[in-house]
Amino acid sequence: MGFSTDAIHTGQEPDAATGAIVPPIYQTSTYVQEGINQNKGYDYARTNHPNRKALERCVAKLEGGLTSYVFSSGMAAIDAVFRLLRPGDHAVLSEAVYGGVYRLTMQLLVQFGMEFTYVNTSSEEKVRAALRPSTKMLYVETPTNPTMIVTDLAAMAGIAREKRLTLVVDNTFLSPYLQRPVEHGAHIVVHSMTKYLGGHSDLTAGVAVVTRQEDADKIYFVQRSAGAGLAPMDCFLTARGIKTLAVRMERHNANGETLAKFLAGHKKVKRVLYPGLPSHPQHELAKRQQKGFGAMISFDVGSLEAARRLLENVKLCSLAESLGGVETLISNPALMTHSSIPPERRREVGITDGLVRISVGIEDVEDLQADLDQALTKV
Ligand SMILES: Cc1ncc(COP(=O)(O)O)c(C=O)c1O
């Protein structure tokens, strides 16, 4: 079946009891048992429930995985994946990942004896140089947030195979419609489903898609033991969002390409980071590895003051964190999403004070362009 057919139908079969075309929301914490430990597949909603099972089947199918586990946020899913590590284990990660991942690893997980090294994963050489005998995991975000660096997933899979590492890819920025990391050799794919998969800025959710049974068993153990599995209503909303993923991504992608070209030609803009522009250092790789360039654009207006003026003067674009919703969001990573990264580290990885990140929505692109143009004149 094609991507859209899977997105609409996998896990979303009509309700056997009533014929309802949309599976009902099982808003219940517990399930009556026919006898002790005899049930219809469910006993308690922290452990599992039908809406979660349905959504997990759907996302696993879209990413080409074995199965998936959905959590109350992207960070909860990512935390569950890092629990595959043991004290003394080491992981290599893409620098300039989402700030919350930096905080989770460097402020929380280090307290449990895990070790982390951040490198530019677009360089195979740098990744190899960071490896230690204790390295167990390679964690890649591509394109990176907000520096839009693209990492060669097949090359990372080659290293992972050779050194027996688990390759984890955060696919939030592109969604499985535009990039399928499992096809390039990833073992685990994570998403903040708060973003494109949910698609409507009305929930927080995360997923870990796995390809190996041993990872599935461990992550399910974390999900039911730590209790951060996604609740029925949020599973329903995410599944509803996913049904329109393909059409939304087509429009996001088209709007993204148009606005990136517009910004690249604007005299108030110093540089644009967007893999779809031929000037992007990994443009050819992005063309090969991705089905489209997506709708995340970062651009530099020269200073924090200039960024502030732009963000305070947009009218249609909303000043907000997050991304991937139908409405266009604009932010300053240095002071907002990436403020948990120390300033000197931000500078090292290219998150300048004047950097502005835009998550291009699916509004009429002429309106978005006009809004950015009028706000840029005030810079
Ligand atoms: C690329 C990426 N990964 C993970 C996360 C964390 O997801 P959540 O906010 O759903 O916990 C985010 C959040 O912005 C993100 O942008």
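Read-outs: derived from the displayed coordinates by stated rules, not from any lab. The shown structure was predicted, so the numbers you read here are calculated from the model rather than taken from an experiment. Because the Cβ atoms are built from the backbone with ideal geometry, glycine has one as well, and the counts that use them run over all protein chains shown.
A few comments on the model shown:
- Panel note: the C-alpha atoms of the stretch 1-135, placed on their principal axes, show extents of 58, 41, 24 Å (largest first).
- Whole-angstrom Cα spans of the stretch 254-303 along principal axes, big to small: 33, 21, 15
- Extreme residue, positive dipole direction of the stretch 246-377, given options 293, 282, 354 (C-beta unit charges): 282
- Cross-link pairs beyond the 21 Å C-alpha cut-off, checked among 53/291; 270/378; 53/243; 243/291: 53/291
- Applying 1/(1 + (r/R0)^6) with R0 = 56 Å to the Cβ-Cβ distance of residue 312 and residue 16 gives a FRET efficiency near 0.55.
- Set of lysines with alpha-carbon distance to residue 126 below 25 Å, sequence-local pairs under 8 removed: 136, 163, 287
- The reciprocal of the average 1/r between distinct C-alpha atoms defines the Kirkwood hydrodynamic radius, which for the chain equals 21.3 Å.
- Once exposed loop trypsin sites (Lys or Arg not before Pro) are cut out (DSSP; at most 10 other Cβ, 10 Å), longest piece of the chain: 41-163
- Applying both filters, DSSP loop and at most 15 other Cβ atoms within 10 Å, to the GluC sites (Glu not before Pro) of the stretch 29-75 gives 34.
- When only the Cβ of Lys, Arg, Asp and Glu is charged (+1, +1, -1, -1), the dipole of the chain relative to its Cα centre reaches about 560 debye.
- Residue among 127, 169, 110 with the largest mean-square fluctuation in a Gaussian network model of the chain, springs linking Cα atoms under 10 Å: 110
- 3J(HN,Hα) from dihedral phi, the stretch 366-379, Karplus parametrisation 6.51/-1.76/1.60, rounded to Hz, x for glycine, proline: 4, 5, 5, 4, 5, 5, 5, 4, 5, 6, 5, 5, 8, 7
- Histogram of C-alpha separations across the stretch 246-377, 10 Å bin width, %: 13, 45, 36, 7, 0
- Taking the chain and dividing mean pair separation by its residue count, relative contact order in percent (alpha carbons under 8 Å, at least six apart): 17 percent
- Potential extension, residue 33-residue 254 segment - 0.36 nm per residue separation minus Cα distance: 74.4 nm
- Among 32, 360, 140: highest mean-square fluctuation, GNM of the chain, C-alpha pairs under 10 Å: 32
- 0 to 90° range, to nearest 10: angle between helix 213-226 axis and the chain longest Cα axis: 90 degrees
- Placing +1 on each Lys and Arg Cβ and -1 on each Asp and Glu Cβ, with no other charges, gives the stretch 246-377 a dipole about its Cα centre of roughly 440 debye.
- Using 0.36 nm per residue and subtracting the Cα-Cα separation, the extra length available between residue 164 and residue 284 on full extension is 40.4 nm.
- Principal-axis tilt of helix 50-63 within the chain, Cα atoms, nearest 10 degrees: 50 degrees
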